[in-house]
Every structure is written in structure tokens, then in C-alpha cells.
Amino acid sequence: FETLKSMDWNNCWELDAYCQRCGLSRIGSGAGRIVYAIDDNLVIKIVNGRHEQNDAEVFAYRNMSPELREFVPAIFAYDKNRMRPMWIITERVLPASYADFQKLLGIDFGSYQSQQDIKDMNNDLKTYSKYPSEKGNNLNLMMFLEDYGEGDISLYMNDLKHNKWLNTLLQMLNHGFVSYYELENIENWGLVHRNGKTSIVILDTGM
């Protein structure tokens, strides 16, 4: 960490090579950045020629209330030598499943976009019996997101009143930290373990 924070890296490829020399495992890459696992709890996200995702994730986290920060991976450090951070260190997030929404939240993830999605869902839900909502409702996250996108959430006023998780999600959407259509993809959700409890979070706000 001290080397990482003290060095004035010439470019992201130099930092990428350094992570490889340290023996870190690359666990993801895309058009915007490369992700290495530091250990079981932390990852480093390095820009891959484009700064937009790191910019967005750091900006969003710095401007979130403590309540909203519970909804995203914690940021422990980031590149302060540049106006646009080359790297950030965040909480490691594991993939979430359809069944996790039922098991942890009592919420159905919702309708699915392809036959493969339906197959994955059915296989996944065999892990758990149907997990009932504490409030006895049948909240469907996909339908909520679609209705939000249409500008009409009037049917969810009771859910929002009694469901803190859904209310916080609405705040995330209203503040523009995430987009509703990205959250319709199960791959943009993940799991973290905090204070002895597993929680569902948005994978990152840099998408």
C-alpha cells in the first residue's frame, strides 16, 4: 500500500506490470479497467486507458451519505496524485445470485430476458426454498426498476414505506449514482460480508 500510494506511476500499464510482479491475481478486465485481487477482502481497480469508471466510482462514493454507502463496495484508498485516479482499492465483492435476493431480502429478482436466464434462475433457486417477504408482499425488483424507468412508482408506496432496502435503492436511483437499466442485469449485483452479515450491494457505481 505504501509503495502504491507513494509512487508517481508514469501510466496505468506500469502499475499493471507492478501488480503482476507482486503476484496479484487478475480477476477481471474490461474496456475501462483491470481488477486484481489483493486478498480475500480487497481488490485494486486500475484504469485501462480510460478513466471514466474510476472517476465515477470515486465521485459517487465521496458524495454519498453513510446510508447510501452501505449499498456499494467500500473504497479504502484511491490515487490522490492525480485529478483523475489511476487506481482505487475497494472491498471485494462476490457475485450475487437470483436466490440471494429471495434468501437475504425476500424479494424476487423478476422477469428474465432470455431462455438461458430462465435456466440459470431455475437452477439457482433449487438451492433455497421460496423465501417469503417479511411484509408478506411479492415485490418484483425487475418490475420496480421498469416502472421507475417509466416514471411511475405509485404502486410501490407501501413497499417503500416499510422496506428500508428498497427505499435506499430509490435514493441511489434518484441521486443518479446508478441507472435502473444496468441494475436489471444480475451480473451488476454482488455480495459482501460485513459485521458478521452478508449483504447485497451494487457491484460498483463506475459502470
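The values are calculated or read from the model by the stated rules, or taken from the named source; none is laboratory data. Because the structure is a prediction, the values reported are computed rather than measured. Every residue, glycine among them, receives a Cβ derived from its backbone with ideal geometry; neighbour counts consider all protein chains shown. Just so you know, the surface numbers come from the protein's heavy atoms only, side chains and all, with ligands and any DNA or RNA stripped out. Shrake-Rupley method; radii C 1.70, N 1.55, O 1.52, S 1.80 Å.
Here are a few things to note about the model shown:
- Failed criterion for Gly110 (all others in (1) over 24 Å from Leu173 (Cα atoms); (2) surrounded by 14 or more Cβ atoms within 10 Å (Cβ to Cβ); (3) at pLDDT below 90 hold): (1)
- Count - residues of the range 1-40 that are closer than 15 Å to Arg92 by Cα, assigned to a loop (DSSP other than H, G, I, E, B) and open to solvent by less than 80 Å² (accessible area, probe 1.4 Å): 3
- The residue that is nearest to Asn163 (Cα to Cα), among those in the range 133-146 that are modelled with pLDDT of 50 or more and open to solvent by 90 Å² or more (accessible area, probe 1.4 Å), is Asn138.
- In the range 156-176, the residues that are closer than 14 Å to Thr205 by Cβ and part of a helix (DSSP H, G or I) reach residues that are open to solvent by less than 20 Å² (accessible area, probe 1.4 Å) and among the β-branched types (Val, Ile, Thr) with C-beta atoms within less than 7 angstrom, at least six apart or across chains, in these pairs: Met172/Val178.
- All positions within the range 33-62 that are out of contact with any strand residue (DSSP E or B) (no Cβ under 7 Å at 6 or more places or on another chain) and more than 15 Å from Phe76 (Cβ to Cβ): Gly49, Arg50, His51, Glu52, Asp55, Ala56, Phe59, Ala60
- All positions within the range 180-207 that are touching a residue at least 12 places away in the same chain (Cβ under 8 Å), over 19 Å from Val43 (Cβ atoms) and not acidic (Asp, Glu): Tyr180, Tyr181, Leu183, Ile186
- Here Leu94 passes the criteria (1) under 14 Å from Asp204 (Cβ atoms); (2) open to solvent by less than 60 Å² (accessible area, probe 1.4 Å); (3) among the aliphatic types (A, V, I, L, M) except the one numbered (2).
Conditions (1) surrounded by fewer than 18 Cβ atoms within 10 Å (Cβ to Cβ); (2) over 21 Å from Leu94 (Cα atoms); (3) modelled with pLDDT under 90, marked per residue:
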| site | (1), (2), (3) |
| --- | --- |
| Tyr148 | no, yes, no |
| Ser154 | yes, yes, no |
| Leu160 | yes, yes, no |
| Lys164 | yes, yes, no |
| Asn174 | yes, yes, no |
| Leu183 | no, no, no |
| Trp189 | no, no, no |
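- Just one of the listed residues (Val72, Val58, Val43) is open to solvent by less than 50 Å² (accessible area, probe 1.4 Å) and in a loop (DSSP other than H, G, I, E, B), and it is Val72.
- Filter result for Thr90 (modelled with pLDDT under 85 and not in a helix (DSSP H, G or I)): no
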